[in-house]
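Enquirer: Please see the structure below; I have some questions.
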Amino acid sequence: MDFGHSPRAQDYIARVKAFMREHIIPAESAYHAALTGSSDWRQWRQPALMEELKAKARAAGLWNLFMPDPHLGAGLKVVEYAALAELMGHNTIAAEVFNCNAPDTGNMEVLHMYGSQAQQERWLKPLLAGEIRSAFCMTEPGVASSDATNMQATAVPDGDEIVVNGRKWFSSGIGHPNCRVLIFMGLTYPDADRHQRHSMILVPLDAPGGKIERILPAFVVYDEPFGHGVVVFENSRLPKENVIAGLGRGFEIAQGRLGPGRIHHCMRCIGAAERAMAMMTERGDKRVAFGKPLNQLGGNVDVIANARMAIEQARLLTLKAAWMMDTVGVKAAMSEISQIKVIAPNMAQQVLDAAIQMHGALGVTLDTPLSTLAAYVRTVRLADGPDEVHRRVVARFELARQRAERGEA
Ligand SMILES: Cc1cc2nc3c(=O)[nH]c(=O)nc-3n(C[C@H](O)[C@H](O)[C@H](O)COP(=O)(O)OP(=O)(O)OC[C@H]3O[C@@H](n4cnc5c(N)ncnc54)[C@H](O)[C@@H]3O)c2cc1C
């Protein structure tokens, strides 16, 4: 395994690190202060500060760093992007600054890999420019959405149109003032093989028949200005040209989209844990109780050592999965991607919890990034598939491997 970075990647790492330190970390409080704090997404505005930071990042050439196609973005290997995404995980605003935030990255990759020229022109271009945002509407409140083949909302052809019906939820990013398009997954062929029943359709946010019902809080916060929406579609009619790749290919596209998306979450989780570690150790050095710095009290040295060991383990496994994606492809790396999708957020959850504890009451407020990061990493254990589904994948590969070792079918 080779996790080494090319000189070009090393240069990106140094520049993202400096940009984070000089521009993004100091802007955290002002950014959050510019949000409305309202549960009504119709009042949300994109903070001007975010657009200023985006413009600076773009001017510095730190833009679309996730994009493996060198004509559209940085053209880095997954293992190289890992270090950058980790840095972006130090807070919940950095990824958007570099145009590397979910769910837009996944949607851009779908349009890049499967979109027609017209779809790329209309939607991929402005997404790559950071002018618009997008959402991904797959999961539904009415069915166990861990199983993507369960989706019941429909996308039915009718002449030159596709008619879309159903209720989706946790459509992340749909409340963003700049959100203009969503990717909808609907049932087209109920009697086909379960992996060929669904289709993906591009739906402009203002398409007749579509309506955001409400934004769901995740751990009491609304993730303004992105938001996780409940969206209803009633006989929304779209031109057939809005189908991505072809009817019945929805499951295939969802799987292709989720490989990179999952590992990006893992990289950001490691960054969140590193931020927690930095804050926890600084706090523990400087705050004194019972005559000693907190770091010297009770079992706190063990807490720090255990956190460091857990972060290193998770990072190595993330890099292994990334390296496999680069060398043998997403399909062959499925077990490793699922392994790290379980390991990274669980590890980050523990490290953040330790850092919150070391901060005392301050740790649960919004005056530090810790509580927001803790909520984020906890939700990663559900988003893009819950832990149990990923363990199932790991076990399936392991059982097959062991049977093959024994020479059994
Ligand atoms: C913050 C956040 C953002 C999200 N963003 C998006 C988005 O942008 N677009 C989108 O479409 N969806 C999004 N989701 C939804 C997410 O993908 C689903 O919540 C997830 O796939 C699980 O589906 P479910 O909630 O229906 O849980 P269910 O399928 O009902 O499962 C519930 C629980 O059952 C257990 N379980 C399920 N399968 C197994 C198994 N095989 N073995 C053992 N136990 C099992 C697990 O504990 C699981 O958590 C988001 C979710 C969150 C929390």
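The values are calculated or read from the model by the stated rules, or taken from the named source; none is laboratory data. Every value quoted in this text rests on a predicted model; they were computed, and no experiment measured them. Neighbour counts are summed over all protein chains in view; Cβ atoms, including those assigned to glycine, are modelled from backbone coordinates with ideal geometry.
Enquirer: I'd like to check something: does the stretch 242-258 contain any residue that is in a helix (DSSP H, G or I) and touching a Phe, Trp or Tyr at 6+ places or on another chain (Cβ under 7 Å)?
Expert: Among the residues of the stretch 242-258, at least one is in a helix (DSSP H, G or I) and touching a Phe, Trp or Tyr at 6+ places or on another chain (Cβ under 7 Å), which makes the answer yes.
Enquirer: What single numbered condition from (1) within 19 Å of Ala83 (Cβ to Cβ); (2) surrounded by fewer than 14 Cβ atoms within 10 Å (Cβ to Cβ) fails to hold for Glu388?
Expert: Going through the list (1) within 19 Å of Ala83 (Cβ to Cβ); (2) surrounded by fewer than 14 Cβ atoms within 10 Å (Cβ to Cβ), Glu388 breaks only (1).
Enquirer: Take the residues in the stretch 159-173 that are within 8 Å of the ligand (Cβ to nearest atom) and hydrophobic (A, V, I, L, M, F, W, C); name whichever of them is surrounded by the most Cβ atoms within 10 Å (Cβ to Cβ).
Expert: Phe170
Enquirer: Here is a follow-up. Could you tell me which of the residues Leu65, Leu72 is in a loop (DSSP other than H, G, I, E, B) and touching a Gly at 6+ places or on another chain (Cβ under 9 Å)? Reasoning before the result, please.
Expert: Working: Leu72 fails: touching a Gly at 6+ places or on another chain (Cβ under 9 Å).
Checking each option against the conditions leaves just Leu65.
Enquirer: Now a separate question. For the stretch 259-295, give me each residue that is part of a helix (DSSP H, G or I), over 15 Å from Gly89 (Cβ atoms) and touching a helix residue (DSSP H, G or I) at 6+ places or on another chain (Cβ under 8 Å).
Expert: Pass one, the stretch 259-295, residues part of a helix (DSSP H, G or I): 259-286, 294-295.
Keeping just the survivors that are over 15 Å from Gly89 (Cβ atoms) gives 259-260, 280-286, 294-295.
Selection gives Gly259, Pro260, Met280, Thr281, Arg283, Gly284, Asp285, Leu294, Asn295.
Enquirer: I'd like to verify a number: residues in the stretch 386-395 that are near the ligand (Cβ under 6 Å from one of its atoms) and either touching a helix residue (DSSP H, G or I) at 6+ places or on another chain (Cβ under 7 Å) or basic (Lys, Arg) (or both), how many?
Expert: So the count comes out to 1.
Enquirer: List the pairs whose first member sits in the stretch 141-153 and is under 17 Å from Val164 (Cβ atoms), whose second member is within 7 Å of the ligand (Cβ to nearest atom) and polar (S, T, N, Q), and whose Cβ atoms are under 7 Å apart, counting only residues at least 6 apart or on separate chains?
Expert: Partner pairs satisfying both residue conditions: none exist.
Enquirer: Pairs, please: C-beta under 8 Å, at least 6 apart or cross-chain, first residue among the acidic types (Asp, Glu) and in the stretch 379-397, second outside any helix (DSSP H, G or I)?
Expert: Asp387/Arg381; Glu388/Ser146
Enquirer: Now a separate question. Step by step: first the residues of the stretch 347-385, then only those that are more than 9 Å from the ligand (Cβ to nearest atom) and not in a helix (DSSP H, G or I), then the one that is nearest to His264 (Cα to Cα). Which residue is that?
Expert: Residue satisfying both the conditions and the ranking: Pro369.
Enquirer: Which residue pairs have Cβ atoms closer than 7 Å, lie 6 or more positions apart in sequence or on different chains, and pair a first residue in the stretch 37-66 that is in contact (Cβ under 8 Å) with a residue 12 or more places away in the chain with a second residue that is in a helix (DSSP H, G or I) and among the hydroxyl-bearing types (Ser, Thr, Tyr)?
Expert: Pro47/Tyr31; Leu49/Tyr31; Met50/Tyr31; Leu65/Tyr12; Leu65/Tyr81; Phe66/Tyr81; Phe66/Thr105
Enquirer: In the stretch 110-151, what residues are within 16 Å of the ligand (Cβ to nearest atom), under 22 Å from Gly246 (Cα atoms) and small (Gly, Ala, Ser)?
Expert: Ser134, Ala135, Ala148, listed by residue number.
Enquirer: Let me ask something additional. Across the stretch 347-384, what is the number of residues that are more than 22 Å from the chain's Cα centre (by Cα) and hydrophobic (A, V, I, L, M, F, W, C)? Lay out the reasoning, then the answer.
Expert: Kept after step one, since they are more than 22 Å from the chain's Cα centre (by Cα), are these residues of the stretch 347-384: 354-365, 367.
Narrowing the set further to residues that are hydrophobic (A, V, I, L, M, F, W, C) leaves 354-356, 358, 361-362, 364.
Residues flagged as more than 22 Å from the chain's Cα centre (by Cα) and hydrophobic (A, V, I, L, M, F, W, C) within the stretch 347-384 amount to 7.
Enquirer: Return the residues of the stretch 128-151 that are surrounded by 15 or more Cβ atoms within 10 Å (Cβ to Cβ) and in a loop (DSSP other than H, G, I, E, B); say none if nothing qualifies.
Expert: The answer is Gly130, Ile132, Met138, Thr139, Glu140, Ser145, Met151.
Enquirer: Now for a different question. Restrict the check to the stretch 188-197 and report whether at least one residue is part of a strand (DSSP E or B) and surrounded by 18 or more Cβ atoms within 10 Å (Cβ to Cβ).
Expert: No, the stretch 188-197 contains no residue that is part of a strand (DSSP E or B) and surrounded by 18 or more Cβ atoms within 10 Å (Cβ to Cβ).
Enquirer: For the stretch 75-106, what are the residues that are among the small types (Gly, Ala, Ser), out of contact with any Cys (no Cβ under 9 Å at 6 or more places or on another chain) and under 24 Å from Ala333 (Cα atoms)?
Expert: Across the stretch 75-106, the qualifying residues are Gly75, Ala83, Ala102, Gly106.
Enquirer: Out of Glu241, Glu252, Glu312, Glu282, report the one residue that is of a type outside the set (Phe, Trp, Tyr) and modelled with pLDDT under 95.
Expert: On the way: Glu241 fails: modelled with pLDDT under 95; Glu312 fails: modelled with pLDDT under 95; Glu282 fails: modelled with pLDDT under 95.
Going through Glu241, Glu252, Glu312, Glu282 in turn, just one is of a type outside the set (Phe, Trp, Tyr) and modelled with pLDDT under 95: Glu252.
Enquirer: Looking only at the stretch 222-260, which residues are away from the ligand (no atom under 16 Å from the Cβ) and either small (Gly, Ala, Ser) or in contact with a Ser or Thr (Cβ under 8 Å, 6 or more places away or on another chain) (or both)?
Expert: Of everything in the stretch 222-260, those that are away from the ligand (no atom under 16 Å from the Cβ) and either small (Gly, Ala, Ser) or in contact with a Ser or Thr (Cβ under 8 Å, 6 or more places away or on another chain) (or both) turn out to be Ser236, Glu241, Val243, Ala245, Gly246, Leu247, Gly248, Arg249.
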